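Colleague: Here it is, the structure, as structure tokens.
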Amino acid sequence: MNHTQILVVDDEPEIATSLADYLSKKAGYQVFTANDGQDAMALLEAKATSPAGPVDLVVLDRRMPGVSGLDVLTWIREHPSLSYTRVVMLTGISGSQDKVEALAAGADDYITKPYHPQELLARVNTILRPQRLEKQLQRQGKQLAALNRVSNETTTSLDAGQILTAVVEGVRAVLAAQTGAVFLWEQSQGTLHCRAASGAVSAEGFVRVPAGSGLIGTVFSRQRPLRSSEPHEEEMFRPELDIPAGFSLSSLLARPLVMRGRAIGVLWAANNAGGPFSDTDEDLFASLAGTASRALENASLFQSVRARQQELQESHNRLQAVINGILHPIYTIDSDWRLVAVNRQKEEELEPDSAPLPGRVCYEAFFERETPCDHCQVSRLLDDGQPHHWAVRWLGEDHLPREWEINAYPLPGQQADTPSAVVVWQDRTEERRLESSLMQAGKLAAIGQLAAGVAHEINNPLTAINTNAEILKMFIPPEEDLYESVDLIARAVERASNVVRGLLDFARQNQYSFESGNVNQSILQALHLVSYQLKSADITVARQLDDTLPEIHASWEHLKTVWLNLLVNARDAVVKGNKRGQIEIISRPVPDADEVQIIIRDNGIGMSPAEASHIFEPFYTTKDPGQGTGLGLATSQRIIQQHGGTIEVATEPNEGTTFIVRLPQQTLLR
């Protein structure tokens, strides 16, 4: 059926009717008539907004009463919806001036009455041919614009629901179809399910379609498109599957949606407004289906990536929680020494207001250095990719020695030339201190038993020697030479007795009387007792005694013995050095541990590590022969242990010695 619409306007009804019959019967055009200009404009206005669209061509008589043909022509050319309407002007006057006026006003052709109907038909066909092409180009331009708009909407979205909605709306916009729908394959159900629809149908109106059943299932399983102007005649058509209940189907386009060679669904369009779907419609539909497939693939990939990212993030969070739960400092670095991740234990070692650690160079962030640490072996790991282990020792702010074990393990990155490492620090200070204490306790226990036995056996002969020496002194005059020899024997016996008394004191548990008091007062009393010795040796004493120091329970006579031993040892060490002597005494509370700390530091000759490892052993001394018994520090350690505290030493040759004593605020006699 020819859908071209023609309007014949003539003030003589017989001419208009006969011409309309001829054009309708000969060419199959849809022809309307009007007998004056006013009726013609009214009919053209009505057709411009009708579903069939505006009139394609007007055969217009030039001279008519009232509104002339030129007036109608001028109105047509100014009308916004009649830009594609062609006009053939008819007149009974053959003057050239009339032709010029008509053509100048916008007429497409001019025919003089009387005319031959075949000539008029030929001219009409000639005029309509380019007009049809222009309208077709206009329609295709609109279709391409709509396709481009739909492509932009789908390719810029990563939400599958938005993509499907844009696609089904695009089917109607691009093809002028009555309705469109998208079916997606659901593996768990084994059916195609309508996920979106537009126009005269809804997604809920379709039933689930098994693969290979009906036109929709066949298109999916065979992955072949379908265009049909008579869908009901198709062999595979099944109305209960292919259309909703009550829907009238006149033409159909269906095309599989394919992702990486696998069908994932079907795009469906029905009932083209202009009749059967054309080749151009099918090509545009193919482009739309391809765009939909790519957009759905991108959305699927995005969802997969987002799900993977979420899994990785959850895995990272779990790993970070595990690492944060480890009480050892742990961090990872890249090949440029930059921190990648740091656990909470390591972060808490730094100042709270310090800059974020990730991205900073490790030796700058942790040690405020401009170059890698001297002890660090991570550079070797970065070179050879092998695990490395080393130890680090230093003095802490409390002057106690610190010992850490460091393990570094390679973590290969994505590129072979950019390895990274995880570094684990383990504080071995307390472990080493306990090991030393256990060894020392074992030695002291053995030596105490030995000392008790030896002292008991020596006391008896010493008593006999001393008694006889005193008897001899009673019978020998002081001026005789023998008296001096006997007196020398008595003094040697007294010295040996003092050593034996020290052994016995060390070996047995003395009775301690604990009372509350101030450590600073005890230190000042001990300092007063040795003030003359320190002054005579030209030693300066610097005191930093905290006035807010809490009281503790202690046996103050025993503690005074400890301070005296430490001060005398410090004096002797300073005297041996070539520097101006200085002793520093510090007392301060340790709030986190409910302890008080006493530090006695000198700038004397110091000790080697080998010497420092034995100083708390009985009878071990670094002094010259006859200058000490070697029991002072051993006894001091025993006293501090009886108070529930600790005594430790930090020393280096020629760098002085520091003794650190820790005492709990509440002490129970052990």
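Colleague: Could you list S157, S485 so that the one with the fewest beta carbons within 10 Å of its beta carbon is first and the one with the most is last?
Modeller: Ascending Cβ contact count within 10 Å gives the list S485, S157.
Colleague: Could I ask something else about it? Which one, S50, L524, I15, is farthest towards the positive end of the dipole of the chain when Lys and Arg carry +1 and Asp and Glu -1 on their Cβ?
Modeller: Toward the positive end, the furthest listed residue is I15.
Colleague: Measure nothing fancy, just the Cα-based angle from helix 13-27's long axis to the longest principal axis of the chain, in degrees from 0 to 90, nearest 10.
Modeller: Relative to the chain, helix 13-27 is tipped by roughly 60 degrees.
Colleague: A follow-up question, please. I'd like the antiparallel share, as a percent to the nearest 5, of DSSP beta bridges with both residues in the chain.
Modeller: The antiparallel proportion sits near 75 percent.
Colleague: Ok, one more. What is the angle, in °, between the Cα long axis of helix 632-642 and the longest principal axis of the Cα atoms in the chain? Nearest 10 is fine, range 0 to 90.
Modeller: On a 0 to 90 degree scale, this one is about 60.
Colleague: Taking H placed 1.01 Å from N in the peptide plane, check which residues at least 5 places from R86 or on another chain put their amide H under 5 Å from its amide H.
Modeller: L57, V58
Colleague: Now for a separate question. So for M259, M236, M64, fewest C-beta neighbours within 10 Å to most, what's the order?
Modeller: Arranged by neighbour count, lowest to highest, M259, M236, M64 become M259, M236, M64.
Colleague: Additional query: For segment 563-568, take each phi angle, set θ = phi - 60°, evaluate the Karplus expression 6.51 cos²θ - 1.76 cosθ + 1.60, and give the result in whole Hz per residue in order, putting x for glycine and proline.
Modeller: 4, 5, 4, 5, 5, 5
Colleague: Now, a different point. How many nm separate the modelled label positions at E470 and R402, each set 7 Å beyond the Cα in the direction of the Cβ?
Modeller: Computed distance between label sites E470 and R402 equals 5.9 nm.
Colleague: Let me ask something additional. In whole angstrom, note down how far apart the Cα centers of segment 1-54 and segment 281-335 are.
Modeller: Value for the Cα centre distance between the two parts: 64 Å.
Colleague: I've got another one for you. Compute and list, largest first, the equivalent-ellipsoid semi-axes of segment 1-118 from the alpha carbon gyration tensor, each √(5λ) rounded to a whole angstrom.
Modeller: Working through the eigenvalues yields semi-axes of 20, 18, 13 Å.
Colleague: Separate question: Ranked by Cβ crowding within 10 angstrom, fewest neighbours first, how are S516, S151 ordered?
Modeller: S516, S151
Colleague: So, one more: Given (1) 29.0; (2) 37.2; (3) 26.4, which label gives Kirkwood radius over Cα pairs in Å as computed from the coordinates?
Modeller: (2)
Colleague: I'd like the orientation of helix 429-475 relative to the chain: the angle between its Cα long axis and the longest Cα principal axis, in ° from 0 to 90, rounded to 10.
Modeller: 10 degrees
Colleague: Between V31 and residues 5 or more places away or on another chain, which pairs have amide H atoms under 5 Å apart, with H built 1.01 Å from N, and which residues are they?
Modeller: Correct list: I6.
Colleague: To continue, here is another question. Per DSSP helix of 4 or more residues, -39500 (n - 2.57); summed, then divided by the residues of the chain. What does that give at 222 nm, rounded to the nearest 500?
Modeller: That calculation yields -15000 deg cm²/dmol at 222 nm.
Colleague: So if R0 is 56 Å, what FRET efficiency would R132 and R306 give, r being the distance between their Cβ atoms, rounded to the nearest 0.05?
Modeller: Between R132 and R306 the formula returns 0.65.
Colleague: Mind checking the dipole of the chain: about its Cα centre, +1 per Lys or Arg Cβ, -1 per Asp or Glu Cβ, Debye to the nearest 20?
Modeller: Dipole about the Cα centre, nearest 20: 1360 debye.
Colleague: Further question: Quick one: Cα centre-to-centre distance for segment 592-613 and segment 233-250, in angstrom?
Modeller: Value for the Cα centre distance between the two parts: 97 Å.
Colleague: While we're here: Hey, in the chain, which Cys have no second cysteine's beta-carbon closer than 4.7 Å?
Modeller: When partners are defined as cysteine Cβ atoms under 4.7 Å apart, the chain leaves C194, C362 without one.
Read-outs throughout are calculated quantities, based only on the coordinates presented, and are distinct from any laboratory measurement. Since we're looking at a predicted model, the values are computed, not measured. Cβ coordinates were reconstructed from backbone atoms using ideal geometry, including for glycine residues, and neighbour counts include every protein chain displayed.
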